[in-house]
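The values are calculated or read from the model by the stated rules, or taken from the named source; none is laboratory data. What you see is a predicted model; the values in this text were computed from it and never measured. Cβ placement follows ideal geometry from the backbone for every residue including glycine, while neighbour counts extend to all protein chains displayed.
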Amino acid sequence: MSVSAEISSLIEPILQRHAWRPDRLVQILREVQEAVDFISDETAAHLAEALKIPYAQVHSTRDFYAFFYRENRGRYRVLFSDNITDRMAGNQALFEHMAKRLKLERGKVSDDGLVSIDYCSCTGMCDQGPAILVNNRAITRMTLRRVDEICDLIRGQVPLDKWPAEFFRVDDNIRRADMLLGTPHEPGKAVRAAIARGRDGMLAEMKLSNLRGRGGAGFTTAVKWEACRNAPATPRYIVCNADEGEPGTFKDRVLLQSYAGRVFEGMVIAAWTVGASHGFLYLRGEYLYLLQPLEAYLAGMRAAGLLGRDIGGVAGFDFDIEIHLGAGAYICGEETALIESLEGKAGRPRVRPPFPVTSGYMGKPTVVNNVETLCKVTEIAINGGAWYEAIGTKQSTGTKILSVAGDCARPGLYEYAFGVRIAQVLEDCGAQEAIAVQVSGASGVCLSEREFGRRIAFEDVPTAGSFMIFGKQRDLFEVARNFAHFFAHESCGFCTPCRVGTVLMKEIMDKIAEGRGTQYEMNELLRLQQVLKPGSHCGLGQTAGNAVADTVQKFRPAYERRLAETDFVPAFDLDAALSRARELAGRDDAAAHLGEEA
Amino acid sequence: MNAPMNPRKLRITTTSLSGCFGCHMSFLDIDERLLELAALVEFDRSPITDIKHCSQHCDLALVEGGVCNAENVHVLRELRANAKILVAFGACAVNGGLPAQRNHLDVGQCLSQVYRTPDGSATAIPDDPELPLLLDKVYPVNEVVRVDYFLPGCPPSADTIWKFLTDLLTGRTPRIEHPLLKFD
Amino acid sequence: MSETSNANSFSIDGQRIPFTPGQTILQAALAAGVYIPHLCHHPDLKPHGSCKLCTVIVNGRNGSACTQMAMPGIEVENNSPTLNDRRRVLLQMLFVEGNHFCPGCEKSGNCQLQALAYDLEMLAPHFRHAYPVRPIDTTHPDVWLDLNRCIMCELCVRASRDIDGKNVFALAGRGVDSHIVVNSPSGRLGDSALSIDDAAVHVCPVGAIMVKRVGYAVPIGERQFDEQPISRQVDYLAARHIPIVPVAATEER
Ligand SMILES: Cc1cc2nc3c(=O)[nH]c(=O)nc-3n(C[C@H](O)[C@H](O)[C@H](O)COP(=O)(O)O)c2cc1C
Ligand code: SF4
Ligand code: SF4
Ligand code: SF4
Ligand code: FES
């Protein structure tokens, strides 16, 4: 089994660039696919031999990530973002239109091997959707006309970098700026301030600030940093979590696009405080378009003495940042799965404890922080912890950026001091007739109108930032069904309850959608939730049934009006199950059919 | 056995869908206890009685075998419609059993393997309306109708069946545990 | 039983369990003769925590007994109706996820999945069967692989990596598409470094990795879990060791 000389010559420079390091496998696979379109078994075997790792390890890693292909998916690989907000903006009609124009079936490559189309999980463009990815490059604001233009470009085999730049425009849509989004960034100011405070001093300010993580779990950042700093092993690592896979969240994308200095300086300050020498930015594959500008920004920081050796003129303060890309796996946002991915493996969450702060990347002490958390660090370095602590609520200090999307006049980013009421956000973004808000993404909580008086804060409604609004014309059953599909697609498969439970839940939601559900299925959904939530290994499985359970409770009629009148309906169409035999026997008599009822 | 709570005889209907009649044989294996049972139950439609269709409403339906073809569906529906309690009786009724080993094959593959001349060449698949058409897969009973109890085993042993029936007859929720609970 | 004080004991369902530091809750329980259901744990291998059968409630929080360390004074809920109900659902999930036809399976009676199902009185798989299409690999002279029965516990993966030093197996794919792959250029068992006396061959809790030519050597009815339900075989579970000839960790691939 061997690859052609041509493929081998394309792969060689990639391997060389990564110094044949097996822990770079995910990055190598990504670049190999970019070069040769897919990773065949032959290519995988070639890589295993070159990297001196088991074949099975390459297969295992390749087959885990949604954006790696074992078979040819064409030179143009089109993926339609399929978050509920894309749905609401009409992505399905656009998909059908493209499928028809290109004579394609979902997930199948065209006969000439040129193009394939499929759906993918939320791409983080919810305020400017429907969005698609072409070879992982994001295209926003899709319309029928844009579909036609893209079909022509593909048929004409125009290289992607010759496509109109307008297609790839990604807007910030900052609608409400507060202390983070509204304060101009002065490069180096925060790093110098932190250095001036000293390592202990900076940690003390962090403690005073009571900053809590913005990635979802809300863990106190100072506690995390101190644990890492006290861990005896070295080197230590700082990881910025820019996986932003939670459906409906896109604030980290804007921070990286327009506030990269703050993100990276936050990492430098973290490194200063805990004594780390190396940093990673784990950037979701969907944000590939940010890679070059971010690399350029890092180069600028190195030139300015904000990265590299003796940062800020402090002898021995050495720290640099490397960017790793993900490849279509929501679970890689979970910090231990992320670390596995950084090490070149499939992103399956580790057993905790030990926590990353003592045993993270390569078994060394590692801080993992969200993009927004690290931005907040720069504010604390400059203004001090006491100043910071005065903003927001008691247990939720500072401001929080919300990614607002769905049924409203002005989708985009809204920054508020913690404690803002849901109703206030709805008013500000022009959502007149909201019946529900899904806060914190598919894994979050579905709030109905009577709960709009509640506040965004860890002590009331915690959030990683997603804020999806549903107007009165929307069907909350379909919202929950979209999320059920999302989780079944994104479960890593490690633990039984989530691997099987998310699929069973999805199937039951589909059964209800087809009018085959009964009260029995409603009970089954809750029964599954009772196993998923307490029994799953990580946050994905533990939250996967939340949206379904919330909507069953709060929007029950949306389910009930789909239920069949009998007490039991099979999950499949019995008559259709006879169709193959009918065709083979050439029969169409009465006995060759089955009605729905006895 | 304790005195039954219900003086009326329990009316039972049984069938074998895509089964091997092994579960029925095992039922008969309860031997002399059959006499004791006969005092308490009577049989309606069943291979044991040769009654072709349920003649009246039954208390209990024992369904052996998975659901493999259109006829199985009709029979199963008849039993479900005529019985208060329906039991998936034996391994095949519970999960499709050995017949379900064809489930990863296309029906066409199966049929073209079966309909061959003695020299091995393929013949036409018959279109006789008397022959029940195959479903795309073999389904467990509970995927086609609602099932009240499951009695696994290939076949369930006579003791298992006896325990199940006596539990039912005496008004206890049937409970099958070690060493009566077996999947083979 | 040795002297137990609060400093070196904890409780399971109110019963005092002594432990030595470094033991997991499951290890301490088994050593004390207390049964906690488990599938992906094996005394010879490092804790893994994927099957979730061993989930217990520790001081009010759910956790896997096989990965969570025993701590002085913790209170563990284990053999309760709530937890056993959840465990039964997990078993049903494993049954419908694969293709388990016990009447035709050589492992029947020695199978831990089946034994757990018996013990927890799982009468039927309940959920809709997936009937997945999964491969069977018979290319190896002494061992065959039937992934229809695989429950993704990764015991073989760990045994091959950590005991045999061979990495013959790996878990590939994601979510419902997860599956065991074999490490060889062709992906076939016959082309891999596996040999009959590898620990990986003997560690599979179900009938997915089977030794050839031993069909029904022990008759049905006289097998490991026929005499006593698995919950009454704690000594066996705690002390079972893989019959293996240790293989030096070589650079095999
Ligand atoms: C399934 C799952 C997905 C997650 N995705 C993200 C993510 O995309 N970005 C993020 O910052 N944190 C994510 N998290 C949370 C991380 O595990 C981790 O708590 C966080 O990065 C820590 O940073 P923080 O303390 O600054 O919030 C996710 C967690 C889970 C369970
Ligand atoms: S809960 Fe889901 S995503 Fe998390 S480890 Fe289990 S299978 Fe993987
Ligand atoms: S592996 Fe176990 S549960 Fe599966 S068929 Fe074999 S004996 Fe039954
Ligand atoms: S083959 Fe056996 S040991 Fe390996 S993962 Fe599957 S069930 Fe576990
Ligand atoms: S034995 Fe603990 S999770 Fe499997």
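At least 2 residues being within 28 Å of residue A:226 (Cα to Cα) and in contact with a helix residue (DSSP H, G or I) (Cβ under 6 Å, 6 or more places away or on another chain) is the threshold, and among the strands (runs of 3 or more DSSP E) wholly inside region A:340-429 those reaching it are A:366-370. Within region C:13-63, being farther than 19 Å from residue A:534 by Cβ and among the small types (Gly, Ala, Ser) holds for C:14, C:22, C:28, C:29, C:31, C:32, C:33. Scanning region B:125-177 for residues that are in contact with a Phe, Trp or Tyr (Cβ under 6 Å, 6 or more places away or on another chain) and at pLDDT below 95 yields a count of 1.
Answer with yes or no whether residue B:112 is surrounded by fewer than 14 Cβ atoms within 10 Å (Cβ to Cβ) and of a type outside the set (Val, Ile, Thr). Give the derivation first.
Details: surrounded by fewer than 14 Cβ atoms within 10 Å (Cβ to Cβ): no; of a type outside the set (Val, Ile, Thr): yes.
Considered against the rule, which asks whether it is surrounded by fewer than 14 Cβ atoms within 10 Å (Cβ to Cβ) and of a type outside the set (Val, Ile, Thr), residue B:112 comes out as no.
Only residues that are away from ligand 4 (no atom under 16 Å from the Cβ), within 18 Å of the chain's Cα centre (by Cα) and either under 12 Å from residue C:145 (Cα atoms) or more than 14 Å from chain B (Cβ to nearest Cβ) (or both) were counted across region C:188-228, and they come to 0. Scanning region C:46-76 for residues that are surrounded by fewer than 24 Cβ atoms within 10 Å (Cβ to Cβ) and either farther than 20 Å from residue C:116 by Cα or not assigned by TED's automatic domain parsing to the domain that holds residue C:10 (or both) yields a total of 13.
I'd like to know if region C:143-160 contains one or more residues that are in contact (Cβ under 8 Å) with a residue 40 or more places away in the chain, surrounded by fewer than 23 Cβ atoms within 10 Å (Cβ to Cβ) and among the aromatic types (Phe, Trp, Tyr). Yes; the residues of region C:143-160 include at least one that is in contact (Cβ under 8 Å) with a residue 40 or more places away in the chain, surrounded by fewer than 23 Cβ atoms within 10 Å (Cβ to Cβ) and among the aromatic types (Phe, Trp, Tyr). Among the residues of region A:511-527, are any touching a helix residue (DSSP H, G or I) at 6+ places or on another chain (Cβ under 8 Å), within 9 Å of chain C (Cβ to nearest Cβ), of a type in the set (Lys, Arg) and in a helix (DSSP H, G or I)? Among the residues of region A:511-527, at least one is touching a helix residue (DSSP H, G or I) at 6+ places or on another chain (Cβ under 8 Å), within 9 Å of chain C (Cβ to nearest Cβ), of a type in the set (Lys, Arg) and in a helix (DSSP H, G or I), which makes the answer yes. Annotation: of all residues in region A:334-377 being in contact with a His (Cβ under 8 Å, 6 or more places away or on another chain) and within 16 Å of ligand 2 (Cβ to nearest atom), the one that is farthest from residue A:62 (Cα to Cα) is A:351. In region A:53-61 there is no residue matching the filter, namely being surrounded by fewer than 22 Cβ atoms within 10 Å (Cβ to Cβ) and more than 16 Å from residue C:172 (Cβ to Cβ). Residue count for region A:389-430 under the criterion of being more than 19 Å from residue A:216 (Cα to Cα) and touching an Asp or Glu at 6+ places or on another chain (Cβ under 6 Å): the result is 2. Filtered by the rule that a residue be among the basic types (Lys, Arg) and farther than 27 Å from residue B:157 by Cα, region B:76-135 gives a lone residue, B:116. The helices (runs of 4 or more DSSP H) found entirely in region B:1-110 that carry 1 or more residues being modelled with pLDDT of 95 or more are B:22-28, B:70-82, B:91-95.
Yes/no per residue for (1) within 11 Å of chain B (Cβ to nearest Cβ); (2) outside any helix (DSSP H, G or I); (3) closer than 30 Å to residue A:445 by Cβ:
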position: A:534; (1), (2), (3): no, no, yes
position: A:541; (1), (2), (3): no, no, yes
position: A:552; (1), (2), (3): no, no, yes
position: A:572; (1), (2), (3): yes, yes, no
position: A:581; (1), (2), (3): yes, no, no
position: A:596; (1), (2), (3): yes, yes, no
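When both residues are 6+ apart or on different chains and their Cβ atoms are under 6 Å apart, which pairs have a first residue that lies in region C:43-66 and is more than 15 Å from residue C:203 (Cβ to Cβ), and a second that is more than 12 Å from ligand 2 (Cβ to nearest atom) and of a type in the set (Asp, Glu)? From residues that are more than 15 Å from residue C:203 (Cβ to Cβ), the pairs are C:57/C:77; C:59/C:75.
Determine, yes or no, whether residue C:101 is under 15 Å from the mean Cα position of the chain (by Cα), more than 16 Å from ligand 2 (Cβ to nearest atom), closer than 20 Å to residue B:182 by Cα and within 14 Å of chain B (Cβ to nearest Cβ). Steps first, answer last, please.
Numbers: under 15 Å from the mean Cα position of the chain (by Cα): no; more than 16 Å from ligand 2 (Cβ to nearest atom): yes; closer than 20 Å to residue B:182 by Cα: yes; within 14 Å of chain B (Cβ to nearest Cβ): yes.
It is false that residue C:101 is under 15 Å from the mean Cα position of the chain (by Cα), more than 16 Å from ligand 2 (Cβ to nearest atom), closer than 20 Å to residue B:182 by Cα and within 14 Å of chain B (Cβ to nearest Cβ).
For region C:131-142, the set of residues classified as in contact (Cβ under 8 Å) with a residue 40 or more places away in the chain and within 14 Å of ligand 3 (Cβ to nearest atom) consists of C:134 only. Checked against (1) within 22 Å of residue C:105 (Cβ to Cβ); (2) surrounded by 21 or more Cβ atoms within 10 Å (Cβ to Cβ); (3) at the interface with another protein chain (Cβ under 9 Å from one of its Cβ atoms), residue C:174 passes all but condition (1).
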